[in-house]
Amino acid sequence: MNEIKNAYDIRKFRDEAHKIVDLLADYLEKNINREEVKVIDYQEPEALYQKWLKDFNSQKSNDILDFYNRMLQDSMHIHHPQYMGHQVSPAVPASALAEFMTSVTNNSAAIYEMAPLSSVLERIIIEWLAGKIGFSSDAFGVLTSGGLIGNTTGLLAARQIMSGYNIWNNGHDLNTKPAIMVSGQAHYSMERTVKIMGWGQAGIIQIPVNKQNSMDVTKLESYYQKAIDSGQKVLAVVANICSTSTGTYDNINAIADFCEEKNLWLHADGAHGGPALFSDKYKHLIKGIERADSVVIDFHKMMFHPSLATAVIFKKGDHAYRTFAQKAEYLLSSPDEHDWHNTAKRSFECTKNAISVKIYVMLKSFDEKIFGEFVETTFDLAQEFNNIIKSTSDFETVVEPESNIVCFRYNPSRELTTDDLNQLNKDKRQALLEDGKFYIVQTEINAAVWLRVTLMNPFTTNDDLRKLLEEIRKI
Ligand SMILES: *Cc1c(COP(=O)(O)O)cnc(C)c1O
């Protein structure tokens, strides 16, 4: 019992918490102001493992602050303006503090009684976002831990509603071969979802992309016919808004027209690019989003919350309850009732973080135009980077950027073979990683290697981007 008493030593908690806030405040300041030189102090996985295994096997420490200091050193510094890698946002401190509050109070959000406040805030957030999308008051949905679960939730609903029988209770009729159609550039969570549902590789039909790397909608009809002719039952089409690799948007209206004609479910995967709806300048990219049956938006990408926070919104709120129609007597007394306050009925997860609180805190603390500003700052920056690249003779882009994702490569002499060019860019990326002053990633498009930045940090400037190109030349 002594050890448990130690664990709840409240004086120690107060003292440590104050120190941690000071540590983090210094950390944020140093990174945002570029006083910290490196974005990452890269160590090979095995070396880092050995280092920490040694630490693990050493004596217990009374000075946990020492651990937190070293934790920061061995982490990726996402708040540093020269972090330009994956689609992870520099978490807003206000939202992170809300997570600290919800961790300590630990109100899990499966049923209302266990999480009264976060259940109510969840409804408020869902209704607010549904309104922003342009849905009527009929819409409803659920908050989930990430876009993968969000996409799975949306597609499970599509399966239940479009398959024409109670697939959730009865299991698959093996004579029907259900499938969805997606862009060839769809996020891998789509394929994972289809395979979780047991449809196999044939269940995901990839429509080729056009030059801009978005779905070539003129091919929808022929791919649909081919699927029907081979005995498949297409249930849904997914609009990618936007694609993960190049950040380009599918034409929602064209896909929606097709779905209406064929009576198919339209799911809009706006995990990354959905928040364009907050920007007057960029909302044309998601025109037609209100025609989708289900929409997924990540708060932890372009709405700069700490991970994870995702909304799945159904145009017809009733659909939110059809996905997981299931009895759990000890939790849910009346499985058929639409008791919105028990989120477990609509949720893939059982125990779930009180996700709504941090979003509510953001909306109470700041004007909601902050989300539009974030989109415009980072999307504009991508346009400027594109212009910088065009003004050079040794760099090129793969497509015109539409969002804050830019794929480009170093091509110093136009005489290199594709293999040489791929190797050169891979080597440059690896050298940058090991150097640590910038963090960028790479992707493969049509078997060619491209360097990729996602400009997630609103403090990144043109100057940082010019320096990045200079560094790639010389490294
Ligand atoms: C990031 C992303 C996902 C997956 O979301 P997570 O929150 O990482 O689970 C799905 N679709 C698209 C288009 C994405 O960009």
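The values are calculated or read from the model by the stated rules, or taken from the named source; none is laboratory data. Note that the structure is a prediction, hence the values are computed from the model and not measured. So basically every Cβ, Gly included, is an ideal-geometry build from the backbone, and we count neighbours across all protein chains shown. Please note that ligands, DNA and RNA were not included when accessible areas were found on the heavy atoms of the full protein model with its side chains. Shrake-Rupley method; radii C 1.70, N 1.55, O 1.52, S 1.80 Å.
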Relative to the compact-globule scaling 2.2 N^0.38 Å, provide the ratio for the alpha-carbon radius of gyration of the stretch 54-103. 1.50
Summarise the accessible area of the chain (1.4 Å probe, protein heavy atoms) by the percent that is carbon and sulfur. 51
Please calculate the 1.4 Å probe accessible area of Glu46, with all protein chains present, and give it to the nearest 10 Å². 110
Lysines within cross-link reach of Lys437: Cα-Cα under 27 Å, excluding same-chain residues under 8 positions apart? Lys30, Lys38, Lys51, Lys301, Lys390, Lys426, Lys428, Lys467, Lys474
Using a Cα-Cα cut-off of under 17 Å, which aspartates and glutamates could be cross-linked to Lys211, ignoring same-chain neighbours fewer than 8 residues away? Asp250, Glu396, Glu400, Glu402, Glu444
Rel. contact order, % - alpha carbon contacts under 8 angstrom, at least six apart, the stretch 183-305: 21
Between Lys474 and Asn175, how high is the FRET efficiency from 1/(1 + (r/R0)^6) when r is the Cβ-Cβ distance and R₀ = 45 Å? Nearest 0.05. 0.15
Percentage, to the nearest whole number, of Cα pairs in the stretch 230-352 over 17 Å apart: 63
Per residue, how much space in cubic angstrom lies within the convex hull of the C-alpha atoms of the stretch 1-76? 103
Under the Kirkwood approximation applied to all pairs of distinct alpha-carbon atoms, what is the hydrodynamic radius of the chain in Å? 24.2
Between Leu72 and Phe56, what is 0.36 nm times their sequence separation minus the Cα-Cα distance? Round to one decimal in nm. 4.1 nm
Packing-based ranking, highest mean first, of 121-132, 302-313 given that Cβ atoms within 10 Å are counted: 302-313, 121-132
Size descriptor, Kirkwood hydrodynamic radius, that averages inverse alpha-carbon separations across the stretch 298-439, Å: 19.9
Going through the stretch 383-459, which trypsin sites (Lys or Arg not before Pro) have at most 10 other Cβ atoms within 10 Å and a DSSP loop state? Arg414
Protection proxy (average C-beta count within 10 Å per residue), highest first, orders 270-277, 11-18 as 270-277, 11-18
The stretch 16-58: trypsin sites (Lys or Arg not before Pro) in DSSP coil with no more than 16 other Cβ atoms inside 10 Å: Arg34, Lys38
What helix-only [θ] at 222 nm does the chain give? Using -39500 (n - 2.57) per DSSP H run of at least 4, over all residues, to the nearest 500, the answer is -13500 deg cm²/dmol
How compact is the stretch 164-221 by the rule of thumb for globular proteins, expressed as Cα Rg over 2.2 N^0.38 Å? 1.31
Quick calc: nm separation of the 7 Å Cα→Cβ label points for Lys316 and Lys262 -> 2.0
Over the chain, what is the relative contact order in whole percent, taking alpha-carbon pairs under 8 Å and six or more residues apart? 22
